[in-house]
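Inspection log for the structure reproduced underneath, given as structure tokens.
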Amino acid sequence: MTDLKLPEGFLFGFATAAYQIEGAINEGGRTPSIWDTFTRAKSPEGVPHIADESSGEFACDHYRRWKEDIGLLKSYGANSYRFSVSWSRIIDFSAGKDERGVTGRRDPANPEGIKFYRDILEELVKNNITPAITLYHWDIPQALEDRYGGWRNREVVNDFVHFAKVESYSALSQLSPFQVCFEAFGDLVKHWITLNEPWCCSVLGYGYGVFAPGRSSNRAKSAEGDSATEPYIVAHNLILAHAYAVKAYREEFSSQKGSIGITLDTFWYEPYDEEKDAAATQRAFDARLGWFADPIFKGHYPPSMKDISNGAIPQFSEEDIAVVKGSADFLGLNTYSSNLIQDAGSDSFKGKTTSTFKRKDGTELGRHSHVAWLQDYLPSTGVGPPAKPTPSVTENGFPAKGENDLPVEEAIHDKDRVEYFRGYTQALLEAINIDKVPVKSYFAWSLLDNFEWADGYRTRFGVTYVDYKTFKRYPKDSARFLGKWYEEHKA
């Protein structure tokens, strides 16, 4: 249906994250993040945190090959690129003192790191590719974790705003008049995302203990942590950090005429039994999406979160909620799959529900992927993204089953991923043209096969095959499919 069109100004492209692709973890003035520490460690029972015992030390070698990767974006027909910057590459934590000689307050900017990202941005703009920067994609500097507990401490809010908008510019004399991050890049960047998937950061890092920093009440997973309280404290501080960074941007950088929002992740949830599980389905949404979206867009946590969290959810002060409410120009949605929800279970992070892919008759929603949590469920409910706030699809993708075991000449013909994208892009077109939902972007995950967090390199989401021994890139059929889709439907 080529008559369905994308709106004027629609951003089409691909997404990546710094730790997953850059490598060069000890170069360019970069200091360790919590993922550098986590990947080297093991559980109390001696089990490696990463399935293949790998890390992001080399990743895709994007640090050296970024021009080649921008060339890929251009060849795929992308008009935009969403990527994250590394906090520990932008800010220099090596000295432990700021420019006033005060230990730990505030760490100076790293001109070498700023230049690295500025070079990328200038190359993107030269190639007519609109950059969209994510400030935080899960890689808080280890120095802040060591200093005061990272996201568990309200002090992190000040450090995050400092990262987004540095308070002293003396360390940046080499780059004047550009400062960090809004000032350093704001002349080139008009689309900002503060946080990527804060639910994953909070729950997987501090509840289940399967992501950095790996804290959990499960002592088989971690020697430290309290899953009953820490995820809610971390989530609260993430929301505050987002909101105060947005406040700084709006108050001090409005002349840049950019937009700033947040990216949240959610499944689409449907009741397993229409009558019995309707309320449980709403709780599942509250615990995944509403936990973060409701304070930002409604000014309060979902009422169900008090019961879901067993009373552990913090309360906003009047001063804080005044900053939090309305602190996003758009809502980025990372959406991959659907679940059926049953009113059973005690897992607070799932809204005290149980999720499944199996229907009552024993059939499954869709095609299996390489990972257990994702199925290709094409016949959607017909409900598109919300019309308000303005929605953007900031991630959507599929890890084809068994792809990592195939030779490259077979892996590049990724039929299952193509079919996944065919279904989801069609649903997007229908949401825009039929349901009149003003979706502003579509970023496929991911530009490259990369370090897939706890899975290591065993899971491939990329539209580009990466040989991790040589770092050679091979375009897959899915990249060509998406480029053709955009060309056929652009305004």
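The values are calculated or read from the model by the stated rules, or taken from the named source; none is laboratory data. What you see is a predicted model; the values in this text were computed from it and never measured. Cβ atoms come from the backbone with ideal geometry, glycine included; neighbour counts cover every protein chain shown. Surface areas here come from the heavy atoms of the whole protein model, side chains and all, with no ligands, DNA or RNA. Shrake-Rupley method; radii C 1.70, N 1.55, O 1.52, S 1.80 Å.
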Conditions (1) open to solvent by 30 Å² or more (accessible area, probe 1.4 Å); (2) in contact with a Gly (Cβ under 8 Å, 6 or more places away or on another chain); (3) within 30 Å of residue 435 (Cβ to Cβ): number failed by residue 49: (3)
Lone unmet requirement of (1) at pLDDT 95 or above; (2) surrounded by fewer than 20 Cβ atoms within 10 Å (Cβ to Cβ); (3) on the phi < 0 side of the Ramachandran plot for residue 326: (3)
Looking at (1) within 30 Å of residue 15 (Cβ to Cβ); (2) open to solvent by 30 Å² or more (accessible area, probe 1.4 Å); (3) among the β-branched types (Val, Ile, Thr), find the lone condition where residue 296 falls short. (2)
Of (1) in contact with an Asp or Glu (Cβ under 9 Å, 6 or more places away or on another chain); (2) modelled with pLDDT of 95 or more, residue 253 satisfies every one except (2)
Output yes when any residue across segment 334-354 is open to solvent by less than 10 Å² (accessible area, probe 1.4 Å) and within 20 Å of residue 243 (Cα to Cα), and no when none is. yes
Is there a residue in segment 96-104 that is open to solvent by 10 Å² or more (accessible area, probe 1.4 Å) and either assigned to a helix (DSSP H, G or I) or at pLDDT 90 or above (or both)? no
How many of the residues making up segment 428-455 are over 21 Å from the mean Cα position of the chain (by Cα) and not in a loop (DSSP other than H, G, I, E, B)? 5
Residue list for segment 250-292, restricted to those being in contact with a Leu (Cβ under 8 Å, 6 or more places away or on another chain), over 10 Å from residue 342 (Cα atoms) and assigned to a loop (DSSP other than H, G, I, E, B): 266
Mind listing whichever residues of segment 406-417 are surrounded by fewer than 21 Cβ atoms within 10 Å (Cβ to Cβ) and either touching a Ser or Thr at 6+ places or on another chain (Cβ under 6 Å) or assigned to a helix (DSSP H, G or I) (or both)? 408, 409, 410, 411, 415, 416
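For segment 62-73, name all the residues that are of a type outside the set (D, E, K, R) and either under 12 Å from residue 127 (Cα atoms) or open to solvent by 20 Å² or more (accessible area, probe 1.4 Å) (or both).
63, 66, 70, 71, 72, 73 - these are the residues of segment 62-73 that are of a type outside the set (D, E, K, R) and either under 12 Å from residue 127 (Cα atoms) or open to solvent by 20 Å² or more (accessible area, probe 1.4 Å) (or both).
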Are any residues in segment 453-474 open to solvent by less than 20 Å² (accessible area, probe 1.4 Å) and either among the aromatic types (Phe, Trp, Tyr) or free of Cβ contacts under 8 Å to residues at least 40 places away in the same chain (or both), and if so, which ones? 453, 461, 462
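Of all residues in segment 2-29, how many are among the hydroxyl-bearing types (Ser, Thr, Tyr), assigned to a loop (DSSP other than H, G, I, E, B) and within 20 Å of the chain's Cα centre (by Cα)? First the steps, then the outcome.
If we filter segment 2-29 for residues that are among the hydroxyl-bearing types (Ser, Thr, Tyr), which is where we start, we get 2, 16, 19.
From the residues that got through so far, the ones that are assigned to a loop (DSSP other than H, G, I, E, B) too are 2, 16.
Now drop any that are not within 20 Å of the chain's Cα centre (by Cα), which leaves 16.
Number satisfying all stated conditions: 1.
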Anything in segment 187-225 that is open to solvent by less than 60 Å² (accessible area, probe 1.4 Å) and among the acidic types (Asp, Glu)? List them, or say none. 197
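Given 76, 19, 81, which one is open to solvent by less than 20 Å² (accessible area, probe 1.4 Å), over 20 Å from residue 451 (Cα atoms) and of a type outside the set (A, V, I, L, M, F, W, C)? Steps first, answer last, please.
Values: 19 fails: over 20 Å from residue 451 (Cα atoms); 81 fails: over 20 Å from residue 451 (Cα atoms).
After ruling out the rest, the residue left standing is 76.
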When segment 299-309 is checked residue by residue, the ones that are surrounded by fewer than 17 Cβ atoms within 10 Å (Cβ to Cβ) and part of a loop (DSSP other than H, G, I, E, B) are 299, 300, 303
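If I filter segment 1-16 for residues that are within 16 Å of residue 117 (Cα to Cα) and surrounded by 15 or more Cβ atoms within 10 Å (Cβ to Cβ), do I get at least one hit?
So in segment 1-16, the residues within 16 Å of residue 117 (Cα to Cα) come out as 15-16.
Restricting the remaining residues to those that are surrounded by 15 or more Cβ atoms within 10 Å (Cβ to Cβ) gives 15-16.
Yes, that holds for at least one residue.
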Residue 91 passes all but one of (1) buried (at least 20 other Cβ atoms within 10 Å of the Cβ); (2) over 18 Å from the mean Cα position of the chain (by Cα); (3) at pLDDT 95 or above; which number fails? (3)
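Can you pull out the residues in segment 27-46 that are of a type in the set (Val, Ile, Thr) and surrounded by fewer than 18 Cβ atoms within 10 Å (Cβ to Cβ)? Show your work before the answer.
Restricting attention to segment 27-46, the residues satisfying the condition of being of a type in the set (Val, Ile, Thr) are 31, 34, 37, 39.
Matches in segment 27-46: 37 only.
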Close pairs from segment 149-176: first modelled with pLDDT under 90, partner assigned to a loop (DSSP other than H, G, I, E, B) and among the β-branched types (Val, Ile, Thr), Cβ under 6 Å, at least 6 apart: 166/180
Return the pair list, or none, for Cβ contacts closer than 7 Å from residues in segment 366-380 that are under 13 Å from residue 269 (Cα atoms) and modelled with pLDDT under 90 to residues that are part of a loop (DSSP other than H, G, I, E, B) and among the hydroxyl-bearing types (Ser, Thr, Tyr), at least 6 apart or on different chains. 377/337
